[in-house]
Amino acid sequence: MKKKVVIVGGGASGLVCAIRLKQINPNLSVTILEKNDRVGKKILKTGNGRCNLSNLDMKPIYYNCPDFIEKCFNKYSVSDVIAFFNNLGLLIKTDDSTRLYPYSETATSVLDILRRQLGIFDINVKCETMVTKIKKTDKFYIEFGNEQIEADYLVLACGSSAQSNTNGYLLAESLNHKIIEVRPGLVPLKTKENLKSLRGIRVKCLASVIKDNNIIYTESGELLFKDQGISGILTLNLSRYTDVGSKIIFDFAHTADEEKIYDIIESQSSKEALIGILPKMLADKIGKNISQFDANHVLFAIRNYQLIITGTYGFNQAQIALGGVDINEINDYFSSKKINNLFIIGELLDIDGACGGYNLHFAWISGLIAAETIGFEKK
Ligand SMILES: Cc1cc2nc3c(=O)[nH]c(=O)nc-3n(C[C@H](O)[C@H](O)[C@H](O)COP(=O)(O)OP(=O)(O)OC[C@H]3O[C@@H](n4cnc5c(N)ncnc54)[C@H](O)[C@@H]3O)c2cc1C
């Protein structure tokens with residue numbers, strides 16, 4: 001009898017899991033159930049349509065659970081992921097940093113090569129199929145609409161609530177798994193201050209998140225102002241460390257020569273000196289905060305611009321979700337410690353990474369490791 005594997009969710013993790021399973025054992029019956037009209041829709045949105053699929057600078061500290069992730073990296077390295085995609089026919093390149101993209105610089109190439117494999121291996125894909133209930137006795141019984149199918153192995157690959165309306169958390173809960181509170185991650189932040197005059201301005205800076213008068217996180221990068229908040233990769237990465245009421249302090253001169261700034265301010269001796277140092281609208285805004293015009297006060301204002309966070313822009317603008325299925329209840333082969341032959345992969349888990357290809361990388365490796373565990377019948 002052919003072993004039947006059903007994968008709920010045809011996104012990044014589910015697709016590579018299905019393909020790897022068939023590479024290992026073409027005799028397995030593999031079915032993907034996908035609620036959308038097409039598989040992999042989110043992949044097309046990634047990296048602004050370019051799909052930042054991984055990163056050569058891969059360290060466990062870029063994730064919320066470094067110990068768990070390190071064990072996964074020992075099983076699957078970045079080169080293994082690159083080799084997997086090369087083997088499917090995808091050419092990969094880095095940008096001017098360590099981020100990895102398809103050579104074509106379009107996410108459709110990534111999805112197209114994955115979809116091609118679904119055809120080559122004759123993987124059964126049912127779209128517009130939202131799984132609503134799963135029962136487990138000797139086998140899994142998976143319900144959608146008025147239909148039900150059975151499986152020997154079940155892989156939950158439903159993704160997260162970020163820009164999606166998944167019920168994956170409920171499905172995992174119904175199978176006795178605990179859900180760690182889910183909230184928007186890698187998300188633009190709303191601020192108490194009205195920033196309308198700065199909308200669209202991008203500026204490089206060093207940002208520090210303050211909690212109870214202590215700096216809890218610092219990162220440098222590019223800040224993008226919105227009407228009533230902030231965005232850009234820097235903000236997305238800061239968002240994990242902020243709550244309502246958090247304070248962020250921005251240093252807009254962290255790479256500048258302080259003495260030169262002093263000279264400029266003293267030689268110009270007016271608030272307008274700021275316009276040669278910062279974008280004009282930002283210079284005006286900061287200038288308004290300066291009570292006494294001397295080099296010390298000006299420099300302090302440039303290096304200590306404060307914003308108070310009032311919330312996030314929500315799941316609709318989040319790239320990922322924080323929280324999800326408790327990783328203490330799965331092992332590093334992605335099988336459930338609670339239910340035999342249940343696997344949980346991808347963003348549905350309480351595992352998240354920074355911006356830069358780390359979330360897709362995790363989706364790929366969790367799908368690949370789960371497939372190898374099932375395919376090679378590892379325990
Ligand atoms: C705008 C945007 C940009 C991003 N850019 C990047 C980037 O450049 N680099 C990066 O590393 N990460 C990026 N991410 C994050 C990355 O896309 C996700 O981490 C990754 O797709 C997670 O893979 P997954 O398989 O867990 O979930 P998904 O890819 O979301 O797949 C889950 C699938 O399950 C389906 N599903 C859910 N519930 C059910 C159900 N009950 N029944 C049937 N099907 C169901 C969904 O429709 C979906 O197709 C970005 C995310 C967004 C939103």
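With 35 Å as the cut-off, how large is the P(r) tail for the chain, expressed as percent of Cα-Cα pairs? Before the final figure, lay out each step's value.
On the way: 23674 of 71631 pairs.
Roughly 33 percent, rounded to a whole number.
Grab the Cα-Cα distance for MET1 and LEU88, subtract it from 0.36 nm times how many residues apart they are, and report the gain in nm with one decimal. Don't skip to the answer; put the middle values down first.
Details: separation 87, 0.36 × 87 = 31.32 nm, distance 2.88 nm.
This chain segment gains 28.4 nm when fully extended.
Between LYS247 and ILE61, how many nm apart are label points set 7 Å from Cα along the C-beta direction?
About 2.6 nm, to one decimal.
Give the aspartates and glutamates whose C-alpha is closer than 14 Å to that of LYS192, dropping any in the same chain fewer than 8 places away, or say none.
Counting by Cα, and skipping residues close in sequence, LYS192 has these aspartates and glutamates nearby: ASP227, ASP243.
Normalised by the residues of the chain, what does the relative contact order come to in percent, with Cα pairs under 8 Å and at least six apart? Numbers along the way, then the final one.
Working: 804 pairs, mean separation 88.2, N = 379.
This gives 23 percent for the chain.
Looking at this model, which pairs from LYS126/LYS337; LYS190/LYS280; LYS35/LYS226; LYS135/LYS337; LYS204/LYS280; LYS133/LYS337 are more than 26 angstrom apart at the alpha-carbon?
Values: LYS126/LYS337 28 Å; LYS190/LYS280 22 Å; LYS35/LYS226 33 Å; LYS135/LYS337 17 Å; LYS204/LYS280 14 Å; LYS133/LYS337 20 Å.
Where the Cα-Cα span goes over 26 Å, the pairs concerned are LYS126/LYS337; LYS35/LYS226.
From the phi angles alone, apply the Karplus equation (6.51, -1.76, 1.60; θ = phi - 60°) to the range 307-315 and give each ³J(HN,Hα) in whole Hz, x where the residue is Gly or Pro.
10, 9, 8, 10, x, 10, 7, x, 4
Express in % the proportion of alpha carbon pairs of the range 1-80 at distances exceeding 18 Å.
Values: 1864 of 3160 pairs.
I get 59 percent for the Cα pairs in the range 1-80 exceeding 18 Å.
Select from the range 35-134 those trypsin sites (Lys or Arg not before Pro) which occupy a DSSP coil region and have at most 15 other Cβ atoms within 10 Å, ordered by residue number. Could the numbers behind the result be given before it?
On the way: sites: LYS35, ARG38, LYS41, LYS42, LYS45, ARG50, LYS71, LYS75, LYS93, ARG99, ARG115, ARG116, LYS126, LYS133; in loops: LYS35, ARG38, ARG50.
Listed in order of number, the matching sites are ARG38.
Mean-square fluctuation check for the chain, GNM, Cα pairs under 10 Å: which of ILE61, ILE69, ILE32 is largest?
Taking springs between Cα atoms under 10 Å, the residue moving most is ILE61.
Viscosity 0.890 mPa s, temperature 25 °C: give me the Stokes-Einstein translational D for the range 189-312 in µm²/s, with Rh taken as the Kirkwood radius over C-alpha pairs.
Values: Rh = 14.7 Å.
The Stokes-Einstein estimate is 167 µm²/s.
Rule-based calculations on the coordinates, nothing more; no lab input. Here the structure is a predicted model, which is why all the values come from computation and not from measurement. Ideal geometry is used to build each Cβ from the backbone, glycine not excepted, and the neighbour counts take in all protein chains shown.
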